[in-house]
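First comes the structure, then the notes that go with it.
Coordinate-derived values only; no laboratory data. Every value quoted in this text rests on a predicted model; they were computed, and no experiment measured them. As a convention, Cβ positions derive from the backbone with ideal geometry for all residues, glycine included, and neighbour counts pool all protein chains shown.
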Amino acid sequence: MSAAAVPQPRAHHEPTAAAARGRRRSLGVALLSGALGAALVLLATSRTWAKGTAAVAKGTLPQHANGDDITGLPGALAVVGLAALVAVFAVNRVGRWVVSGLLTLSGAGIVVSSVLGASDKAALEEKASQATGLADSAIHDVAYTPWPWVAMGGGALLLLAGVLALGYGRHWPAMSGRYERAGAGGEGGKGGGRSRVAGRARRGGAAPDPERPEELWKALDRGEDPTEA
């Protein structure tokens, strides 16, 4: 009877290990896609999205408009999304759901506003009016660059990070967890102080947890892929 029961705990450990790997992978993918997406959006909005020419008395005057001229929404939402990505690890429970939703909405807003801005020439017409002094100055030979679609791709990456945070964020570690555990141990007076010292002694020789957010950021700085086992 006892010999037959031995393999049972091993069977229970296998899905737990697989789930832990999946959660770690989702965390790494969310960090990579969120950081890369925000960087792409901020880069794209600073580049030229549309070009054209305005007619003047002695010929034509070239005009161009960058992403921020056409719409300031993608750049602003990229900053909000990046802040939300960091804040995911600073809150727990309901707060994490709220922040993850904000991250998802930021990515979706960037995608929509970038697509709409990819064919917008209102900024070019406004610049042409300022250059010619005519309120209804027309813009000719309008051409659009690929940068709006780069911004859209960055928004899609932020959207992916938000979806992962909504689906797996409740399993991700929080930055404040370490300090909360230390504070809980201090309520026991001298006994709590001794337990804190013992806890620090035990942690002193332990290797850092690779699944903690700060360790994943360090891995990214070193050029390593935190999603690998």
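A few comments on the model shown:
- Highest to lowest packing among 112-119, 92-99, scored as the average C-beta count within 10 Å: 112-119, 92-99
- Taken along the Cα-to-beta-carbon direction at a fixed 7 Å, the label points for Glu126 and His140 span 2.4 nm.
- The modelled label-to-label distance for the pair Arg21/Trp149, using points 7 Å beyond Cα in the direction of Cβ, is 3.7 nm.
- Here's how it looks for Asn66: its modeled amide H is under 5 Å from those of Trp49, which are all 5 or more places away or on a different chain.
- Magnitude of the charge dipole, region 24-96, Cβ model with Lys/Arg +1 and Asp/Glu -1, debye to 20: 300
- Model label points for Arg93 and His64, set 7 angstrom from Cα along the Cα-to-Cβ axis, are 5.3 nm apart.
- Percentage relative contact order, region 26-175, counting C-alpha pairs under 8 Å, at least six apart: 40
- FRET efficiency for the pair Val115 and Val86, taken as 1/(1 + (r/R0)^6) with r the Cβ-Cβ distance and R0 = 25 Å, rounds to 0.40.
- Phi-based couplings in Hz for region 61-76 (Karplus 6.51, -1.76, 1.60; Gly and Pro marked x): 10, x, 9, 8, 9, 8, x, 5, 5, 6, 7, x, 5, x, x, 5
- Size descriptor for region 26-175, Kirkwood hydrodynamic radius: 16.2 Å (Cα pairs only, one decimal).
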